[in-house]
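S.K.: My structure is below; once you've seen it, I'll send some questions.
The values are calculated or read from the model by the stated rules, or taken from the named source; none is laboratory data. As the structure is a computational prediction, the values presented were derived from the model and not from experiment. So basically every Cβ, Gly included, is an ideal-geometry build from the backbone, and we count neighbours across all protein chains shown.
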């Protein structure tokens, strides 16, 4: 009987945020860190127009989208790669640079895909402790061995929303051996005003890769578009294993229009910052612990797992979906996406009722 490669059967199936509540037709979905305002009107128009040519094959070099990203972020388009979400870029990196006998390192509360990627490549996943709910650079450096090939971490982090300063990121990079790549997962970078997600470091070094996504602030999670920025030598390697038609024409057109509509992005960032502060403050007033978040969600920490599950059940009874994050090492917590002002009011009112009834 044919068997899969070693490590494959050790992968637990990824569980996305819930989107359905029995008996409720249109729940308030705050479980997947989606943009509550959806995509920009310009992106929607571009998607509709591109759909009329869905019978045509898309470009294989994604030149138009790479050029738009380059213009928007001030980057060299030749050092940009487009993927099916940033997930594909993260996966291609492991396929290219890790395998049996190698190690892939990431923080203990890091994105669950990091472990999946490592095992799928046949490499060994290695976890470094965090300092509370924040990436610990010293712990990561202490976990590096001669077998370490990739270090993944998100800044801001998911599901905590915490962020380490640029000086710590540079210290981590400086401490890594030559055979090791640092992969900066920037899925939430756009929510931090003035933050480049590591682009400057990529331009200055040969062992740093930055990934970004259109699924969060751009509101295009359903199209599955992400991108990476890396030294030319790494881009050349990744393009050799990337599928030539990995992106649809509809997705490419929608993402190009979205990245050119920075006025929409700015508005979303501003509303998110204001509402994130209001949601965090409201949680504190209710006696629910919550770190300062730099993303588009907050990690609400309850007294224990039992209270967190009870709060989740109560929110569901009110038609509100949030994310249980026990699998990320936070059994006492719920991750709540920052929604529209009226959404956040609804969440806080529901939690106020829950706490009052407890």
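S.K.: How do the pairs read when you match residues in segment 252-265 that are more than 17 Å from residue 49 (Cα to Cα) with residues anywhere that are not in a helix (DSSP H, G or I), using Cβ under 6 Å and keeping only pairs 6 or more apart or on different chains?
M.R.: If the second residue must be not in a helix (DSSP H, G or I), the pairs left are 264/40; 265/217.
S.K.: What tally of residues in segment 320-344 results from selecting those that are closer than 30 Å to residue 129 by Cα and assigned to a loop (DSSP other than H, G, I, E, B)?
M.R.: 7
S.K.: Can you find a residue in segment 81-91 that is farther than 20 Å from residue 207 by Cα, modelled with pLDDT of 95 or more, out of contact with any strand residue (DSSP E or B) (no Cβ under 6 Å at 6 or more places or on another chain) and not in a loop (DSSP other than H, G, I, E, B)?
M.R.: Within segment 81-91 (the criterion being farther than 20 Å from residue 207 by Cα, modelled with pLDDT of 95 or more, out of contact with any strand residue (DSSP E or B) (no Cβ under 6 Å at 6 or more places or on another chain) and not in a loop (DSSP other than H, G, I, E, B)), the answer is no, since none of the residues qualifies.
S.K.: Look at segment 300-317 and say how many of its residues are in contact with a helix residue (DSSP H, G or I) (Cβ under 9 Å, 6 or more places away or on another chain) and crowded, with 18+ Cβ neighbours inside 10 Å.
M.R.: Number satisfying all stated conditions: 6.
S.K.: Collect the residues in segment 183-209 that are buried (at least 24 other Cβ atoms within 10 Å of the Cβ) and either free of Cβ contacts under 8 Å to residues at least 24 places away in the same chain or within 16 Å of residue 237 (Cβ to Cβ) (or both), keeping them in residue-number order.
M.R.: If the condition is that a residue be buried (at least 24 other Cβ atoms within 10 Å of the Cβ) and either free of Cβ contacts under 8 Å to residues at least 24 places away in the same chain or within 16 Å of residue 237 (Cβ to Cβ) (or both), then 183, 202, 208, 209 are the ones that fit.
S.K.: Would you confirm whether any residue within segment 93-114 is on the phi < 0 side of the Ramachandran plot, part of a helix (DSSP H, G or I), within 17 Å of the chain's Cα centre (by Cα) and free of Cβ contacts under 8 Å to residues at least 40 places away in the same chain?
M.R.: Yes, segment 93-114 has at least one match.
S.K.: Let me ask you something else. On the given criteria, is residue 347 on the phi < 0 side of the Ramachandran plot, assigned to a strand (DSSP E or B), surrounded by 15 or more Cβ atoms within 10 Å (Cβ to Cβ) and in contact with a helix residue (DSSP H, G or I) (Cβ under 8 Å, 6 or more places away or on another chain)? Don't jump to the end; show me each part of the working.
M.R.: Numbers: on the phi < 0 side of the Ramachandran plot: yes; assigned to a strand (DSSP E or B): no; surrounded by 15 or more Cβ atoms within 10 Å (Cβ to Cβ): yes; in contact with a helix residue (DSSP H, G or I) (Cβ under 8 Å, 6 or more places away or on another chain): yes.
So residue 347 does not fit the description; no.
S.K.: Just checking, does segment 143-151 include any residue being out of contact with any strand residue (DSSP E or B) (no Cβ under 6 Å at 6 or more places or on another chain), crowded, with 18+ Cβ neighbours inside 10 Å, closer than 28 Å to residue 337 by Cβ and not assigned by TED's automatic domain parsing to the domain that holds residue 324?
M.R.: No.
S.K.: Just the residues that are crowded, with 17+ Cβ neighbours inside 10 Å and either in the same structural domain as residue 321 (by TED's automatic domain parsing) or modelled with pLDDT of 95 or more (or both), please, taken from segment 50-72.
M.R.: The answer is 50, 62, 65, 66, 68, 69, 70.
S.K.: For segment 12-49, name all the residues that are surrounded by 15 or more Cβ atoms within 10 Å (Cβ to Cβ) and either at pLDDT below 85 or part of a strand (DSSP E or B) (or both).
M.R.: 17, 18, 21, 28, 29, listed by residue number.
S.K.: Something else about it: Mind telling me which of the residues 300, 306 ends up being in the same structural domain as residue 287 (by TED's automatic domain parsing), at pLDDT 95 or above and not in a helix (DSSP H, G or I)?
M.R.: Result: 300 is the single residue among 300, 306 that is in the same structural domain as residue 287 (by TED's automatic domain parsing), at pLDDT 95 or above and not in a helix (DSSP H, G or I).
S.K.: Which of (1) touching a residue at least 12 places away in the same chain (Cβ under 8 Å); (2) surrounded by 15 or more Cβ atoms within 10 Å (Cβ to Cβ); (3) touching a strand residue (DSSP E or B) at 6+ places or on another chain (Cβ under 6 Å) does residue 328 not meet, given it meets every other one?
M.R.: Answer for residue 328: the failing condition is (3).
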